[in-house]
Amino acid sequence: MNENMSNHREGGDLPGFKVLADQCVWMKAGVVNFRSCDRGYDCFNCPFDRAMRAAMDAQNPRRGQTRPLGWAAAMRTRYLGHRKPCVYFLNQKSGAPEACPRDYDCDSCPVELAFGYEPLRQSIAARRTEQRPGTGRAERPPLVFPFPNHECVWMKAGIIGMHLCDNDYDCYHCEFDRSMRAAMLEGPPKAQDAVLAAIEPVIRPCIYALIGHKDAPPLCASNYACHACPTHRAIAGEKACEPRPIERPACRNVTGYPVADGYYYHFGHTWVHVIHGGCVRVGVDGFVGKLLGPIDGVELPAPGSDLERTRAGWVLTRGDHRAPVLCPLTGRILAVNPKVVEVPATVSEDPYGDGWLFQMEPYHLKQETQSLYSGAEAALWMEHDARELVAMMGPGYEKLSATGGEVVPDIFGHFPELGWDPLVRTFLRTADPGAHAG
């Protein structure tokens with residue numbers, strides 16, 4: 001932190017009003033009238049800053065750029081297929097309909113009023129109460145002098161200093177309004193579980209060694225930054241990152257385990273469904289469902305939490321056994337799936353459908369999908385791990401596998417002698433810090 005910023009944060013009063021400690025840079029610039037910084041001035045990773053920049057760009061596009069589509073038009077083009085999801089269903093708001101029957105014409109929509117404007121009103125009221133005189137923080141008074149009659153509603157409410165409406169007060173289809181609402185609903189960041197965040201892969205294989213490439217090194221030396229790895233460039237080049245509609249995927253059987261078409265897979269047996277560039281769904285694959293059997297507990301990160309690629313982000317439990325799971329991407333949790341919290345066995349029974357775990361805003365989607373499997377690579381990787389599991393079970397099962405024998409749905413339950421912890425270490429590539437003998 002530079003000297004000027006430090007001195008400002010320690011500064012006292014200015015004539016006429018008290019300086020709000022830790023003022024947001026948007027407040028210092030006079031754009032918003034009250035906002036304190038809760039991220040140590042880390043604007044690069046601040047969702048409020050990103051939302052405010054989107055709001056500014058919606059009103060005044062940068063030179064050489066056209067004004068972006070309104071949010072409704074963007075939603076219509078962003079989501080593939082005929083079934084368009086309700087924006088509040090995407091954020092897992094309880095009671096929101098799964099599909100939007102109004103083609104994103106939200107004017108007077110009861111869902112919009114209940115989930116959009118009411119929480120916004122409460123958030124603004126709470127911030128104003130927090131910053132009134134006598135609470136240790138003083139609200140910066142809004143500018144007071146005549147303005148034209150087309151003040152934006154956010155200006156009339158005293159939230160921003162100066163903004164005129166150019167959309168005939170059609171707030172429901174205004175990108176500036178939508179971005180401002182997103183900004184005002186942002187709260188302080190939620191910390192990732194420190195114990196989980198410290199868990200790294202116990203084995204760091206090169207992803208190409210796992211699928212049998214002879215030129216690949218046995219271990220990864222670049223912390224899975226495959227986009228910058230010469231081995232990756234020589235073998236695969238640059239992989240495309242394709243979005244898919246929100247619908248149940250077609251699955252193929254690979255040595256007895258289901259693999260969903262069009263998904264991306266991490267070597268720790270998690271999958272990524274790219275909904276669009278700013279939103280993905282994450283879950284565990286069908287191999288985990290059969291390996292660990294019926295899951296009776298899922299410990300998921302809270303919405304707003306930041307997760308880091310190839311560090312443990314959540315835990316699956318069965319009885320007193322725990323399995324930390326590596327996160328496939330770096331990003332922020334947008335919403336968790338309430339179905340798996342209420343009925344954890346859904347994770348094992350329907351891993352690619354109702355058993356998805358959470359939605360995430362990825363920070364480096366294009367770069368980090370380079371370290372994930374898809375298509376034919378995903379099948380080769382699944383075959384590799386299936387062979388390794390059969391080898392752990394013994395020679396008799398290798399012969400049974402060669403005849404096409406069916407995989408049992410609960411391998412740990414049928415073969416407890418394999419041990420929970422060895423299975424987790426070998427295939428999820430993690431270890432519980434408090435692990436005990438399987």
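The values are calculated or read from the model by the stated rules, or taken from the named source; none is laboratory data. Values in this document were obtained by computation on a predicted structure and should not be read as measured data. Quick reminder, even Gly has a Cβ in these numbers, built from the backbone with ideal geometry, and neighbours come from all protein chains shown.
Filtering region 247-274 to residues that are part of a loop (DSSP other than H, G, I, E, B), touching a helix residue (DSSP H, G or I) at 6+ places or on another chain (Cβ under 8 Å) and modelled with pLDDT under 95 leaves Thr255, Gly256. Figure legend. Inter-residue proximity from region 403-418: first residues closer than 18 Å to Ala323 by Cβ, second residues surrounded by 10 or more Cβ atoms within 10 Å (Cβ to Cβ) and at pLDDT below 80, beta-carbon distance below 8 Å, spacing 6+ or different chains. Indicated pairs: Pro416/Gly438; Leu418/Gly438. Scanning region 238-261 for residues that are touching a residue at least 60 places away in the same chain (Cβ under 8 Å) and in contact with a strand residue (DSSP E or B) (Cβ under 8 Å, 6 or more places away or on another chain) yields Cys241, Pro243, Arg244, Ile246, Pro249, Cys251, Arg252, Pro258, Val259, Ala260.
In this entry, Arg311 is excluded by the filter for residues that are in contact (Cβ under 8 Å) with a residue 60 or more places away in the chain, within 17 Å of Ala379 (Cβ to Cβ) and of a type in the set (Lys, Arg). Residues that are part of a helix (DSSP H, G or I) and in contact with a strand residue (DSSP E or B) (Cβ under 9 Å, 6 or more places away or on another chain) within region 331-345 comprise Val340, Val341, listed in sequence order.
For the subset of region 291-327 comprising residues that are small (Gly, Ala, Ser) and part of a strand (DSSP E or B), which member is farthest from Glu200 (Cα to Cα)?
So the first thing to find is which residues in region 291-327 are small (Gly, Ala, Ser), and the list is 293, 297, 302, 304-305, 312-313, 319, 323.
Restricting the remaining residues to those that are part of a strand (DSSP E or B) gives 297, 305, 312-313, 323.
Working: Gly297: 22, Ser305: 18, Ala312: 7, Gly313: 10, Ala323: 13 Å.
Selected residue: Gly297.
Rundown of residues vs (1) among the polar types (S, T, N, Q); (2) out of contact with any Pro (no Cβ under 8 Å at 6 or more places or on another chain); (3) at pLDDT below 75, yes/no style:
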{"position": "Pro61", "(1), (2), (3)": "no, no, yes"}
{"position": "Pro68", "(1), (2), (3)": "no, no, yes"}
{"position": "Ala73", "(1), (2), (3)": "no, yes, yes"}
{"position": "Leu80", "(1), (2), (3)": "no, no, yes"}
{"position": "Arg83", "(1), (2), (3)": "no, no, yes"}
{"position": "Val87", "(1), (2), (3)": "no, yes, no"}
{"position": "Ala96", "(1), (2), (3)": "no, yes, no"}
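Does Glu242 satisfy the condition of being touching a helix residue (DSSP H, G or I) at 6+ places or on another chain (Cβ under 8 Å) and assigned to a loop (DSSP other than H, G, I, E, B)? Judged against the criteria, Glu242 is not a match.
Based on this model, can you work out whether Pro351 counts as in the same structural domain as Leu300 (by TED's automatic domain parsing), buried (at least 23 other Cβ atoms within 10 Å of the Cβ) and either in a helix (DSSP H, G or I) or touching a strand residue (DSSP E or B) at 6+ places or on another chain (Cβ under 7 Å) (or both)? Yes: the conditions hold for Pro351.
Only one of the numbered conditions (1) out of contact with any helix residue (DSSP H, G or I) (no Cβ under 7 Å at 6 or more places or on another chain); (2) surrounded by 14 or more Cβ atoms within 10 Å (Cβ to Cβ) is violated by Lys366, and that is (2).
Residue-wise test of (1) within 16 Å of the chain's Cα centre (by Cα); (2) over 14 Å from Gln367 (Cα atoms); (3) basic (Lys, Arg).
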{"position": "Pro243", "(1), (2), (3)": "yes, yes, no"}
{"position": "Ile246", "(1), (2), (3)": "yes, yes, no"}
{"position": "Asn253", "(1), (2), (3)": "no, yes, no"}
{"position": "Trp271", "(1), (2), (3)": "yes, yes, no"}
{"position": "His276", "(1), (2), (3)": "yes, yes, no"}
{"position": "Arg281", "(1), (2), (3)": "yes, yes, yes"}
{"position": "Ala302", "(1), (2), (3)": "yes, yes, no"}
{"position": "His321", "(1), (2), (3)": "no, yes, no"}
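Looking at Met52, Met1 in this structure, which one is assigned to a helix (DSSP H, G or I) and either of a type outside the set (Val, Ile, Thr) or modelled with pLDDT under 50 (or both)? Residue meeting the stated conditions: Met52.
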